[in-house]
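Asker: Input: one structure, supplied below.
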Amino acid sequence: MNWKWKRKNRSPLRKKPFRKAVAGFLCLAAAAFVIVAALIIYVDPFFHYHSPLEGFPYLVDNQLSQNPGMAEHMEYDSVILGSSMTVNFQTTWFRELMDLNAIKLSYSGAFPKDQSNIMKIIFDSPNNRDGKHIKKVFLGVDVITYTGGVEETKYPIPEYLYDDNPVNDIRYVLNKDVLLNYVLRPLADPEPTDLSNVYASWWTEEYYSKEWVLHNYTAPEKVQDEADPASYVEAVERNLAANICPYIEDNPETEFVVFFPPYSILFWNDVQVENHLEATIETYRYISDRLNEYDNVKVFFFPDQEEIVCDLNNYADYSHYHPRYNRYMTECFANGSCKVAKKGEPGKTIDQYLEHMRTLAVTFDYEELLEGK
């Protein structure tokens, strides 16, 4: 018997069922991919294609992935930008005090490049086209982040959510985590995020205490050599020129409200232990003077608010303050308190604010504060 002939003639019969099974599996997989993609595009939990569906309980907790879509497709006329120093602002305060329809697009640990990435989307959005313009941008400035690299960001951004390339959207529409955590999970546990207070810190009242702050505080290593007062200025100017000033210059109808948050007195202890007090003071001065040159910029200075910064019961760590001070700053934006006067303008100058800040930082009794740790 010719065994070769039998094997040769039997093999196609065996392959047909296998090929049918593979083809069936591939068809099912393709159908599943299409269903997943269609569901994600329809719900669009990252707002990449459209504004929120009415009635869907959206979970909004991912700044890197959801901010660009909110900037593009939400309705607003003003924006709150900055680091975790801004997460406890409530947009309802801006409506109440200034009649603004604000949106909060904070990035925890934000660098100037993070602000630039989102401002590009903001000023390209429909809110700033067709005869409309963004009324106000409230920008919190953390001076230390402005001493870094021009392209430096806190975390790598998901580029496919920030660009206009539809091809790489596959990483969004066929994303298992997006489907499970942002489409199916909200349906199973429908507690929609309150967008007026989105990204608010998880700290509850008991965390805002001197005991808690000191328990978690560790002073840095002592630095012997003092930093040159001008040592940060060059890096700061590069960051302003690349990431901030172009948006101010290109949008003269938008008012930029720039503010320095009130870190606790422990921040200034760190500054002195690390021996860069004058360099830090000069950084504040340079940013304030540079931005106050623009007619459409107002600068507010809060770091020297003695009744706030010297009481650690107002903080959850050495820099993060209670939400009531976000409310206080909003009131100041509305009534002009703590505003830095421009050159030739009546009011308190940046030099006066900084002289008070220097005196407060140098004369404060840190030893007494820390001896109870």
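The values are calculated or read from the model by the stated rules, or taken from the named source; none is laboratory data. Values in this document were obtained by computation on a predicted structure and should not be read as measured data. We place every Cβ from the backbone using ideal geometry, glycine too, and count neighbours over all the protein chains shown. For accessibility, only protein heavy atoms count, side chains too; no ligands or nucleic acids. Shrake-Rupley method; radii C 1.70, N 1.55, O 1.52, S 1.80 Å.
Asker: In whole Å, how far is the Cα centre of the stretch 309-323 from that of the stretch 330-373?
Answerer: Distance between centres, Cα-based: 16 Å.
Asker: Another question, if that's okay. If one takes the longest principal axis of the Cα atoms in the chain, at what angle in degrees, from 0 to 90 and to the nearest 10, does the Cα axis of helix 350-363 lie?
Answerer: So the helix axis and the longest Cα principal axis differ by about 80 degrees.
Asker: Can you tell me how much longer the chain between Leu39 and Ile144 gets when fully stretched, taken as 0.36 nm per residue apart minus their C-alpha distance, in nm with one decimal?
Answerer: My answer for the length gained is 33.5 nm.
Asker: Based solely on its DSSP helices, what 222 nm [θ] is calculated for the chain when runs of n ≥ 4 H residues each add -39,500 (n - 2.57) and the sum is averaged over all residues, nearest 500 deg cm²/dmol?
Answerer: -13000 deg cm²/dmol
Asker: Report, in whole Å, the centroid distance computed from the Cα atoms of the stretch 58-100 and the stretch 115-168.
Answerer: Their Cα centres are 13 Å away from one another.
Asker: Heavy-atom accessible area of Leu312 with all protein chains present, probe 1.4 Å, nearest 10 Å²?
Answerer: Here the residue's solvent-accessible area equals roughly 0 Å².
Asker: Can you tell me which of Trp268, Trp212, Trp202 moves the most in a GNM of the chain? Springs connect C-alpha atoms under 10 Å apart.
Answerer: Most flexible of the set in this elastic network: Trp202.
Asker: Please report the accessible area of Leu100 (heavy atoms, 1.4 Å probe, ligands and nucleic acids excluded) in Å², nearest 10.
Answerer: Counting only protein heavy atoms, Leu100 exposes about 10 Å² to solvent.
Asker: In addition: When each pair of different Cα atoms in the chain is counted once in the 1/r mean, what is the Kirkwood radius in angstroms, to one decimal?
Answerer: 23.5
Asker: Arrange the residues Asp225, Asp169 by how much accessible surface each exposes, largest first, with a 1.4 angstrom probe.
Answerer: Working: Asp225 120, Asp169 15 Å².
Most to least solvent-accessible, the answer reads Asp225, Asp169.
Asker: Check each of the GluC sites (Glu not before Pro) in the stretch 43-146 and keep only those in coil by DSSP with at most 13 other C-beta atoms within 10 angstrom; list them in order.
Answerer: Passing sites in the stretch 43-146 are Glu54, Glu75.
Asker: With a Förster radius of 45 Å, plug the Cβ-Cβ distance of Glu278 and Ile170 into 1/(1 + (r/R0)^6) and report the FRET value to the nearest 0.05.
Answerer: Working from the Cβ atoms, E equals 0.30.
Asker: Taking amide hydrogens as modeled 1.01 Å from N in the peptide plane, which residues meet the under 5 Å criterion relative to Ser319, leaving out close sequence neighbours?
Answerer: Ser264
Asker: Now for a separate question. What figure, in Å² to the nearest 10, do you get for the accessible area of Cys338 with a 1.4 Å probe and non-protein molecules left out?
Answerer: Roughly 20 Å² of Cys338 is accessible to a 1.4 Å probe.
Asker: What's the whole-number percent of alpha carbon pairs in the stretch 177-323 lying beyond 19 angstrom?
Answerer: 68
Asker: Between the helical axis of 277-292 and the dominant principal axis of the chain, each derived from Cα atoms, what acute angle in degrees is found, rounded to the nearest 10?
Answerer: Its long axis makes an angle of about 80 degrees.
Asker: Now, a different point. Provide the percentage of antiparallel DSSP beta bridges, counting only those with both residues in the chain; round to the nearest 5.
Answerer: Just about 15 percent of them are antiparallel.
Asker: Which GluC sites (Glu not before Pro) in the stretch 186-291 pass both tests, a DSSP loop state and at most 16 other beta-carbon atoms within 10 Å?
Answerer: Those that pass, being in a loop and sparsely packed, are Glu221, Glu226, Glu253.
Asker: With a 1.4 Å probe and all protein chains left in place, how much accessible area per residue does the stretch 216-259 have, in Å²?
Answerer: Heavy-atom SASA per residue in the stretch 216-259 reads 55 Å².
Asker: How large a share of the accessible area of the chain, in percent, is made up of carbon and sulfur atoms when the probe is 1.4 Å and the other protein chains stay in place?
Answerer: 54
Asker: Here is a further query. Under 15 Å from the Cβ of Asn175, count the other residues' Cβ atoms, weight Lys and Arg +1, Asp and Glu -1, and hand me the total.
Answerer: Neighbour charge sum, excluding Asn175 itself: -1.
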